[in-house]
Structures are given as structure tokens and as C-alpha cells.
1. Quick check on residue 189: is it part of a helix (DSSP H, G or I) and crowded, with 20+ Cβ neighbours inside 10 Å?
2. Which of the residues belonging to the range 214-232 are in contact with a helix residue (DSSP H, G or I) (Cβ under 6 Å, 6 or more places away or on another chain) and within 24 Å of residue 175 (Cβ to Cβ)?
3. For residue 310, only one of the following conditions fails: (1) touching a helix residue (DSSP H, G or I) at 6+ places or on another chain (Cβ under 6 Å); (2) in the same structural domain as residue 352 (by TED's automatic domain parsing); (3) farther than 15 Å from residue 362 by Cα. What is its number?
4. Inside the range 51-85, can you point out the residues that are outside any loop (DSSP other than H, G, I, E, B) and either over 28 Å from the mean Cα position of the chain (by Cα) or farther than 28 Å from residue 17 by Cα (or both)?
5. Of all the residues that make up the range 85-96, how many are touching a strand residue (DSSP E or B) at 6+ places or on another chain (Cβ under 7 Å) and under 27 Å from residue 128 (Cβ atoms)?
6. I'd like to verify a number: residues in the range 224-264 that are in a helix (DSSP H, G or I) and surrounded by fewer than 17 Cβ atoms within 10 Å (Cβ to Cβ), how many?
7. Scan the range 337-367 for residues that are farther than 25 Å from residue 252 by Cβ and either touching a strand residue (DSSP E or B) at 6+ places or on another chain (Cβ under 7 Å) or surrounded by fewer than 14 Cβ atoms within 10 Å (Cβ to Cβ) (or both) and report the count.
8. Can you tell me how many residues within the range 244-270 are over 21 Å from residue 224 (Cβ atoms), away from ligand 1 (no atom under 14 Å from the Cβ) and in contact with a helix residue (DSSP H, G or I) (Cβ under 8 Å, 6 or more places away or on another chain)?
Ligand SMILES: Nc1ncnc2c1ncn2[C@@H]1O[C@H](COP(=O)(O)OP(=O)(O)O)[C@@H](O)[C@H]1O
Ligand SMILES: [Mg+2]
């Protein structure tokens, strides 16, 4: 079996991150809330799963906020995952519902035993109260329930920045913040990929979440870790990978976990057929979907600027030389386009140069 085919990295397929795992474990133990941010597909969700898999006495609750469109969605997503995570682990299933409702007084809960698994499945409804009333108390109730049951939980809010897109976002932020601050048995881990938005949320003193959590930018996995990891996993799957090839995969994908894994996955399958690594680079670029769409959403000037950044990786984006070689016109125009590209999290400054955040998008643009 291809050792790189699993899409979320667990235990054996997870490379390093020992420092971050230790940090999360410490923070969970001390009820210190943590924000982890990094670009998309950088390994945030995988990291949270792996770290929580190593904590025995804390129940993980994963809430994915990626598709929420309203306060109702946020509330239901949180409730649903709370009920399913806690219900699954309840020692005494039959009384769980009653104990739960005793604390979560606002909701309606119905339970049904599925014949196949004999596990109870709960369905929730909000009853008469509006979603805001629920959000205001859900964390407090969760904390109280944990107290009653003598348990602890870690609430992972994935793609947390999505709540800023909702029109009631300020209110939601405020309500969650109150619950978060008072919690004794609930540790929050908030994961996010829109870095600018997320940093603003936690570093702007006028916003509810200001200084409410430790903020951590997930760094790259060092090549010195990733290279032996690849070699070892190829070997375990019965395919030889020499060090130069492993280094080439890591370098080409910029140690960006999703792409490193994808390229490894493809090469693992094609190498025995004699397909060279060079060819795999093209396959990796060509198979990407979504770049077209991002690109199509830009104005012509933004497109030119993005292409020029991909090609030249400028140190000074307003220098005459760069403006000329990218046919970019005035500094003012570049300023406006750059603001848009930054907002989309498509470009960033890295080691003194302007770069496209996604290493394969960069190659696609140049190509
Ligand atoms: N430490 C790691 N070692 C190996 N593969 C990883 C690692 N972290 C992430 N990946 C891979 O990268 C991809 C994206 O990871 P994911 O956790 O979904 O990222 P994010 O939540 O940041 O979008 C997944 O396919 C995962 O298997
Ligand atoms: Mg994720």
C-alpha cells in the first residue's frame, strides 16, 4: 500500500512537529488557549489530531467551522460535536442524555440507538431560544458539565477565522471570549489559515479576543527531518528512495507538507514504472485544481503583479527595476493590488523577499 495515501497524517505518517506537540500538551494541561496559524494544507488539523491523540485524560472535540454561514451554523456545529464526542465516551449511555440536559438546559435532545453499531445517536435542536442565547452559554455549560462528570475537554475550533465572515461576527467573538476566559476544564485550540485575519482578531486591542490566547505560527518542517522521513516510508513500502531524490522532493515542494506528501505519493507509485522524478514535478503542477479559480478572480493588474512576484521574488516591490520588468506601472497601483493579494493570503514576505505563499502555485504561475 502507498504509505502516503492517507490524507490526514496520523501517528506513523506524521513527520516530526515534536516541539509543537509538546507545546500543545503543556497548554492543554494548564488550560492555556492556543491559536495556531499557517497557510492552508500546512498540517494544522493533522497536528491537533496527533497532539490530542497523545493526551489520555482529555476528551477532544473537533469543530470544523469551514462552511459556517450563520450564528445558527456555528452554534449547531459546536453542539453537535460536543454531544457526539461526550456521548460516545459516556460510561453510562442510558443516563447520558438526562445528565447532559440537566446542564445544557436550553437544547432539545433526542436519542436513537442505531441497530448496526448499537451506539446511540443524538440529534439536537435549539428549542425556542435564538442561536445567540445558546452561544452565550454553551462554553459555560460545557465547563459545568465537565465539572459534574469530573472530565476535561479540549475544544478544537478549526478554520476559526471563518466566523469573521459572518455579519454577527463581533457578537460571536464576544460571546465565545466570555466563555473561554471563565473556563476551567475546557481548553481551546483555534486553528486558522487566513493568517492576516486571525492575527488581527487576537492582536487588535479593540477586538474581544485580544490577548486571550497564545498565538503560534506553525513553522516549516526542517528538511533534515523530512528527508529521512521520506526515505524511511518509501523503504517500509518496498520502494528505494535515495537521499538526493528525497532532498529534491522536499526542495521542490518547499517542505510544504501537503505537497511534499502528494509528490511522495505520486513518485512512490510511478518510480517502479521507471518514471523519472522530473516528470513527477510536471504531474504535480498539472494536477492542481483551484489555481485557475484564484487567478481568474483577480484583475489584470493583480495578475501581472502576482506573476511578477512569482517570477522575480523581489526584495523591494516598489523598486523601479521591478516595476519595469513586471510592466506594473505606478507605485500606487502596485500598492492597491498588493493589498488585495495580501488580504487573500496569496503573497507574503519571507526572508526579506516577496513570495507566493503556495510553492506549487508559484511554479504554476511561472510555468
Ligand atoms: N507533519 C506532517 N508529516 C507528514 N505529512 C503531513 C504533516 N502535516 C501535514 N501533513 C500532510 O499535509 C496535508 C495537509 O495537512 P492538514 O493537517 O490537513 O493541513 P491544514 O489543516 O493546515 O490545512 C495532509 O495531507 C497531511 O497528511
Ligand atoms: Mg485543516
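1. Considered against the rule, which asks whether it is part of a helix (DSSP H, G or I) and crowded, with 20+ Cβ neighbours inside 10 Å, residue 189 comes out as no.
2. If the condition is that a residue be in contact with a helix residue (DSSP H, G or I) (Cβ under 6 Å, 6 or more places away or on another chain) and within 24 Å of residue 175 (Cβ to Cβ), then 215 is the only one that fits.
3. Of the numbered conditions (1) touching a helix residue (DSSP H, G or I) at 6+ places or on another chain (Cβ under 6 Å); (2) in the same structural domain as residue 352 (by TED's automatic domain parsing); (3) farther than 15 Å from residue 362 by Cα, the odd one out for residue 310 is (3).
4. At the first step, the residues of the range 51-85 found to be outside any loop (DSSP other than H, G, I, E, B) are 51-53, 59-64, 71-85.
Those that are outside any loop (DSSP other than H, G, I, E, B) and either over 28 Å from the mean Cα position of the chain (by Cα) or farther than 28 Å from residue 17 by Cα (or both): 71, 72, 73, 74, 75, 76, 77, 79, 80, 83, 84.
5. Filtering the range 85-96 for residues touching a strand residue (DSSP E or B) at 6+ places or on another chain (Cβ under 7 Å) gives 85-87, 89, 93.
Of the ones still in play, those that are also under 27 Å from residue 128 (Cβ atoms) are 85-87.
Number satisfying all stated conditions: 3.
6. Within the range 224-264, the subset in a helix (DSSP H, G or I) is 224-236, 243-252, 257-264.
From the residues that got through so far, the ones that are surrounded by fewer than 17 Cβ atoms within 10 Å (Cβ to Cβ) too are 224-225, 228, 232, 235-236, 243-244, 247, 251.
Summing the residues that are in a helix (DSSP H, G or I) and surrounded by fewer than 17 Cβ atoms within 10 Å (Cβ to Cβ) in the range 224-264 gives 10.
7. 2
8. 1
The values are calculated or read from the model by the stated rules, or taken from the named source; none is laboratory data. Just so it is clear, the model here is predicted, and its values are computed rather than measured. Every residue, glycine among them, receives a Cβ derived from its backbone with ideal geometry; neighbour counts consider all protein chains shown.
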